[in-house]
Amino acid sequence: MIDQVATRAHSARRLWFGTIQRLFQTLDLNERETASEISESLAAFCEQHPHMPDHTLSLLMARSFCATGDRAAADCVLRHDSAHSHHTNAWLDVLSAEYPFPDLYPLFSSRALRPLRLKTVGEKTTWVLDLEKFHLSDANRHEMILMQTLRVLTEKVSNVWKKADGRGTLVIKGHSRISNLTYPRCGRAAPQMISYLQDILQRCAKRNGWSAVPSVLLLDL
């Protein structure tokens, strides 16, 4: 008897493999030593995640090339994607850094964490954490749970400044959504939020031995 599920899965994988190979050919990357292996690996992953957005696939491709030491190929992939082309260097620094990529992958994929260029901070490595991208269930709207969640998120996000030795800025978008729940009767919610996040990043900097500590900026003040 023919296993129809396995047959459909195989067909889906081959379709993804073809899609990735065609992009590699467009970018003249198909002759790279690891191109075929990366195509097979990503096709298998996409088979399990069939609704893969283009911007996420580009990041996975770039990450795969960075993992093999081919930063030039990763740069080519990122510059081809309009979602990443304006922040290629920031992405390359993060994708080639030594940290557990799966920890940040969900944030990258949802665009909840992304590079940002702000004239007010100059050339510092700036990343925005968009709290509006997160779904808060009723059970998670308790102040203590929210603050713990924010602490864990900030600790994970701090990995993006490893190569920058802590020099950079964390921009929080949608902070009022959290502040209204954690400081409902406080008229100084914004300063308290900044202080809380700055303390977390200070501890991250100390733990990693960085020479600097990322600053914190609230975007929707």
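Looking at region 30-54, which of its residues are surrounded by fewer than 19 Cβ atoms within 10 Å (Cβ to Cβ) and more than 19 Å from PHE108 (Cβ to Cβ)? Give the steps one after another, and end with the answer.
Kept after step one, since they are surrounded by fewer than 19 Cβ atoms within 10 Å (Cβ to Cβ), are these residues of region 30-54: 30-34, 36-37, 40-41, 44-45, 48-54.
Scanning region 30-54 gives ASN30, GLU31, ARG32, GLU33, THR34, SER36, GLU37, GLU40, ALA44.
For (1) surrounded by 14 or more Cβ atoms within 10 Å (Cβ to Cβ); (2) assigned to a loop (DSSP other than H, G, I, E, B); (3) of a type in the set (Phe, Trp, Tyr); (4) at pLDDT below 90, each residue gets a yes or a no:
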| position | (1), (2), (3), (4) |
| --- | --- |
| VAL152 | no, no, no, no |
| SER158 | yes, no, no, no |
| THR169 | yes, no, no, no |
| ILE178 | yes, no, no, yes |
| SER195 | no, no, no, no |
| ILE200 | yes, no, no, no |
| LYS206 | no, no, no, no |
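With the structure loaded, tell me whether ARG111 is in contact (Cβ under 8 Å) with a residue 40 or more places away in the chain, assigned to a loop (DSSP other than H, G, I, E, B) and not assigned by TED's automatic domain parsing to the domain that holds LYS173 or whether it fails that test.
Numbers: in contact (Cβ under 8 Å) with a residue 40 or more places away in the chain: yes; assigned to a loop (DSSP other than H, G, I, E, B): yes; not assigned by TED's automatic domain parsing to the domain that holds LYS173: no.
For ARG111, the condition - in contact (Cβ under 8 Å) with a residue 40 or more places away in the chain, assigned to a loop (DSSP other than H, G, I, E, B) and not assigned by TED's automatic domain parsing to the domain that holds LYS173 - is not met.
Spot the failing condition for ASP165; the list is (1) of a type in the set (D, E, K, R); (2) modelled with pLDDT under 95; (3) not in a loop (DSSP other than H, G, I, E, B), and only one is missed.
(3)
Going by what's in this entry, would ARG79 be described as out of contact with any strand residue (DSSP E or B) (no Cβ under 8 Å at 6 or more places or on another chain), crowded, with 19+ Cβ neighbours inside 10 Å, of a type in the set (D, E, K, R) and assigned to a helix (DSSP H, G or I)? Don't jump to the end; show me each part of the working.
Working: out of contact with any strand residue (DSSP E or B) (no Cβ under 8 Å at 6 or more places or on another chain): yes; crowded, with 19+ Cβ neighbours inside 10 Å: no; of a type in the set (D, E, K, R): yes; assigned to a helix (DSSP H, G or I): yes.
For ARG79, the condition - out of contact with any strand residue (DSSP E or B) (no Cβ under 8 Å at 6 or more places or on another chain), crowded, with 19+ Cβ neighbours inside 10 Å, of a type in the set (D, E, K, R) and assigned to a helix (DSSP H, G or I) - is not met.
Exactly one of these conditions fails for CYS186: (1) assigned to a strand (DSSP E or B); (2) modelled with pLDDT under 80. Give me its number.
If we test CYS186 against (1) assigned to a strand (DSSP E or B); (2) modelled with pLDDT under 80, just (1) comes out false.
It is to be established whether one or more residues within region 52-67 are over 26 Å from ARG13 (Cβ atoms) and in a helix (DSSP H, G or I).
If we filter region 52-67 for residues that are over 26 Å from ARG13 (Cβ atoms), which is where we start, we get none.
Taking every residue of region 52-67 in turn, none turns out to be over 26 Å from ARG13 (Cβ atoms) and in a helix (DSSP H, G or I).
Out of all the residues in region 154-173, which are under 20 Å from GLU132 (Cβ atoms), free of Cβ contacts under 8 Å to residues at least 60 places away in the same chain and touching a helix residue (DSSP H, G or I) at 6+ places or on another chain (Cβ under 8 Å)?
Kept after step one, since they are under 20 Å from GLU132 (Cβ atoms), are these residues of region 154-173: 154, 156-157, 160, 169-173.
Cutting the leftovers down to free of Cβ contacts under 8 Å to residues at least 60 places away in the same chain gives us 154, 156-157, 169-173.
Matches in region 154-173: THR154, LYS156, VAL157, THR169, LEU170, ILE172, LYS173.
Criterion first (in contact with a Lys or Arg (Cβ under 7 Å, 6 or more places away or on another chain), buried (at least 19 other Cβ atoms within 10 Å of the Cβ) and not polar (S, T, N, Q)) does LEU57 satisfy it? Show your work before the answer.
Details: in contact with a Lys or Arg (Cβ under 7 Å, 6 or more places away or on another chain): no; buried (at least 19 other Cβ atoms within 10 Å of the Cβ): yes; not polar (S, T, N, Q): yes.
No, not satisfied.
The values are calculated or read from the model by the stated rules, or taken from the named source; none is laboratory data. Everything quoted here is computed from the prediction, not taken from an experiment. Cβ: placed from backbone, ideal geometry, glycine included. Neighbour counts: every protein chain shown.
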